[in-house]
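Right, one structure below, let's go through it.
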Amino acid sequence: MVESWVTFGKVLPGEEVAYSIACTNQGAAPASDVAVSLPIPAEMTLLLPEKVPGVEITYSIDGGKTYAAFERLVIVAPDGASRPARADDIRWVRWKLAAALAPGTTTRVGCHAILK
């Protein structure tokens, strides 16, 4: 089960928003290959989350079709010119757990973003 919620009032440009997602294994067996993805609205600039032991964090700049490490992301312009991706190019974040999630166990992932 993945549960997500947003609790905040009015957010003004330049203010920071925290996203948090809890993932609970409600099954009777360990859950392997657990990945949690979160869309980042175009109006937000992601603050790259800190690395967490046992969690691979990857990013998408193409609407969640493909994911890669931040340093591997490249933006290609219509004229063929390319540049390294910036944090404001990221539209999805994915956390993949290295170990199986034991039955009844909950893990939480999250990140912060700034309203443009």
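The numbers here are math on the coordinates, done by the rules we state, and not lab data. Here the structure is a predicted model, which means the values were calculated and not measured. Positions of Cβ are backbone-derived with ideal geometry, glycine not excepted, and every protein chain shown enters the neighbour counts.
Structural remarks
- Largest to smallest principal axis extent of the C-alpha atoms in region 14-115, angstrom: 52, 30, 21
- Backbone N within region 14-51 under 16 Å of label point (7 Å from A81 Cα along the Cβ vector): none
- Computed lengthening from S32 to T66, 0.36 nm per intervening residue step minus Cα-Cα distance: 10.2 nm
- Local electrostatic count, V74, Cβ distance below 13 Å [Lys/Arg +1, Asp/Glu -1]: 0
- Highest-first arrangement of 24-35, 58-69, where packing means the average Cβ count within 10 Å: 58-69, 24-35
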